[in-house]
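Working notes, structure below.
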Amino acid sequence: MVNGAYNYRSRFLLDLFQAIVLPGLVLTSLTHIFDIRLGLLYLPALIAVVPCWGITKGLIRNILRSRQQQVLNAKPIPCVVGEWPGNIDVLLRMTRAFRTSYILDVYLELFEEYQCTTLNTRILWTDSIITMDQEHIKFVLATGFNHFWRGKYQKERMERFLGQGIFNRDDEIWKMHRINTRPFFARERVSDFHTFETYTSRTLDIISNFSAADQAFDAQDLFSRFALDAASDSLFGKNLDTLSAALPIAGQTRMGPKGSATEDGWGSFAHAFEMAQQVVTNRARLGPWVWPLMEFWKDKNKENVEVIHGFLEPLVQQAIELKKKMAESGVTSPIEEKTFLQHLADSTDDPIIIRDQLLSLLLASRDTTACLLTYVVYFMAIYPDIARKLRNEVLEHCGPRSPPTYEQIRNMKYLRAVLNETLRLYPPVPLNVRESRAASALPCPDPTFPADVRPLYMPGSTPVIYLPLLTQRNKALWGPDADVFCPERWTEPARIAHFVSNPAMFTPFSAGPRICIGQSYAYNEASYFLVRLLQEYDIFSLAPGAQPQGSLPPSEWKGRRGRQAEERIWPGAALTLYVKGGLWVRFGKADSTPL
Ligand code: HEM
Ligand SMILES: *[C@@H]1O[C@H](CO)[C@@H](O)[C@H](O)[C@H]1NC(C)=O
Ligand SMILES: *[C@@H]1O[C@H](CO)[C@@H](O)[C@H](O)[C@H]1NC(C)=O
């Protein structure tokens, strides 16, 4: 099932062969050809030739790279200099930080230590770039798009999970997906308010029961179900009905891989789906030499992905059968009447491509939208003034009961500002990776070398981790209040002008040819839900007592710089951002009359 081109085991064996067996073979052949008798020295020589070979290869590569650098008239990206060989201490520091530190803080520390915004961490003598520089991110995603791709190592990590889907392919297959998907995000489709109403009202019914009993509930879990049910209905014409399954219960539900663990039929899908994301993330942290070794005998995603596929395959079969029936009866329906799944089934006979693309869209729409709504509710809970102001806008534009229209949503400036400000501080995709193809020059001058405008040399076949969460909290771009949640910054003309002339400072939906397809859908869906929510509720409070053990922020975060000092939840990242253990909250019903 796993595409041969991205099979991590064969790649790992080949690398091992080239690093260890090949130098030994070359040594043995040379001693034969030149008839050299090493005698007792043969074994030590065999051992010594391996590092010598590696070092020689490294030196040759460095010479070639510095030549390229001269040709490009560029200077090297500043490199982290650790205390141990191969920067192993830096690697350990990062590994520790992923478990206990505030999200991405270890990267921020490195940037501060080296006084720059693009760095080479060079772990285990291998170039690896991290960047929070908005100009470099713009180059990677947009202006220098052709110099980068998702790359071999990323595909290897995600192959079993995302397979041939849009997130895991470049070039032709990616283009095909992009072209096939676009018509389903035209304006009429993305303002499918009828579907939004169905799932919003189901979700509000659930909340109403919790609220009547003054019980805490996990908003993150509930919003994930809402987003999945709504997306599956609008895209596939099939409600996966996860809102009907058993919900997590305060004090009983354990912590899952991200938020709450759920154990029922739906839970096994959600659990597998979240585990699969966690496995992929851990692989990225371990790097392309360590994880294949640890998973050589057992692919940690095998079982997770079997559960996921078991859930999707019937849907794919139904779509293919429908297509056959239509063909037999000679009926054709126009694209406007088709669901995305039917359209997908028309465009290819390959059930695997259909399945993988289905999964990609579920991933794209569920966790991101749920993350946005979760953090908006978090802010409404910790800043009641913001909830009040937002509610006033909602009541002013839409009244206390009627469903909002597209026009009304478009006119709610404060709502949009709250969404943007939430996406700025908590971008649902807080970090991401690309790999360079050939070497290139990262264009802009590094702010730390104001006198030197030479570009930075970006080596070929090298990963770049880019970090929108750090860019979007960078004081140099956003001012001294960069860490403060302040929706008003999106309504002040001077600040808007600054953003308009620097769009790369805010890229929650990415940029360039691979920019998010679902942006309008997400804004509409989140807005619709929030309008309905605020028509009914006006009190939002956190329920820290209901958070599962180990999910509250560690006390040592207090007194540190940035948002972590006042953080009341633990933000985590596994492909997408989430609240560790879920966001446990209580909502209070508003009096029927507007304020
Ligand atoms: C708040 C909600 C959302 C956020 C913040 C978000 C963010 C992003 C980001 C950052 C990417 C780029 C990923 C990459 O290139 O590696 C992306 C891609 C994508 N998004 Fe979204 N997204 C959201 C909602 C949605 C929804 C609701 C859908 C569909 C129903 C969707 C569909 C897609 C697709 C298909 C891609 C792949 C585009 C490509 O590779 O060409 N997104 N999104
Ligand atoms: C809410 O509670 C009522 C009464 O216990 C129950 O009949 C109803 O099914 C519940 N609704 C939801 C959506 O859980
Ligand atoms: C929100 O951000 C988008 C970019 O994603 C921008 O086009 C829009 O003008 C912003 N809206 C408001 C109200 O700030």
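For the reader, a short list of remarks on this structure follows.
- Residues located in the stretch 530-545, provided they are under 27 Å from the mean Cα position of the chain (by Cα), more than 16 Å from ligand 2 (Cβ to nearest atom) and part of a helix (DSSP H, G or I): LEU530, VAL531, PRO544
- GLU393 free of Cβ contacts under 8 Å to residues at least 40 places away in the same chain and closer than 18 Å to GLU536 by Cβ: yes
- Scan of the stretch 283-309 for residues that are aromatic (Phe, Trp, Tyr) and either modelled with pLDDT of 95 or more or over 22 Å from the mean Cα position of the chain (by Cα) (or both), ordered by number: TRP289, PHE296, TRP297
- Filter pass, THR374 being within 24 Å of GLY582 (Cβ to Cβ) and either outside any helix (DSSP H, G or I) or at pLDDT 90 or above (or both): yes
- Any hit, the stretch 536-558, residues being in contact (Cβ under 8 Å) with a residue 24 or more places away in the chain, within 16 Å of ligand 3 (Cβ to nearest atom) and within 30 Å of ARG410 (Cα to Cα): no
- Among residues of the stretch 119-133, those that are at pLDDT 95 or above and out of contact with any strand residue (DSSP E or B) (no Cβ under 7 Å at 6 or more places or on another chain), counted: 1
- Those residues of the stretch 352-378 which are open to solvent by 10 Å² or more (accessible area, probe 1.4 Å), near ligand 1 (Cβ under 9 Å from one of its atoms) and touching a Gly at 6+ places or on another chain (Cβ under 7 Å), in sequence order: ALA364, SER365
- Qualifying residue in the stretch 579-591 (condition: open to solvent by 50 Å² or more (accessible area, probe 1.4 Å), charged (D, E, K, R) and more than 25 Å from THR203 (Cα to Cα)): no
- Applying the criterion of being open to solvent by 30 Å² or more (accessible area, probe 1.4 Å) and either within 12 Å of ligand 1 (Cβ to nearest atom) or small (Gly, Ala, Ser) (or both) to the residues of the stretch 476-511, the residue that is farthest from GLU172 (Cα to Cα) is ALA494.
- Residue that is farthest from ASN120 (Cα to Cα) [pool: residues in the stretch 37-75 that are touching a Pro at 6+ places or on another chain (Cβ under 9 Å) and outside any helix (DSSP H, G or I)]: LEU38
- Residue list for the stretch 466-475, filter: within 18 Å of ILE130 (Cα to Cα) and either of a type in the set (Phe, Trp, Tyr) or open to solvent by 30 Å² or more (accessible area, probe 1.4 Å) (or both): TYR466
- Residues in the stretch 502-520 that are basic (Lys, Arg) and within 10 Å of ligand 3 (Cβ to nearest atom): none.
- Scanning the stretch 177-208 for residues being within 11 Å of ligand 1 (Cβ to nearest atom) and within 22 Å of PRO351 (Cβ to Cβ) gives a total of 6.
The values are calculated or read from the model by the stated rules, or taken from the named source; none is laboratory data. Everything numeric in this text was worked out from a predicted model, so none of it was measured. Here Cβ is always computed from backbone atoms with ideal geometry, including for glycine, and neighbour counts include all displayed protein chains. Each accessible area value is taken on the protein alone, full model and side chains, heavy atoms only, with ligands, DNA and RNA left out. Shrake-Rupley method; radii C 1.70, N 1.55, O 1.52, S 1.80 Å.
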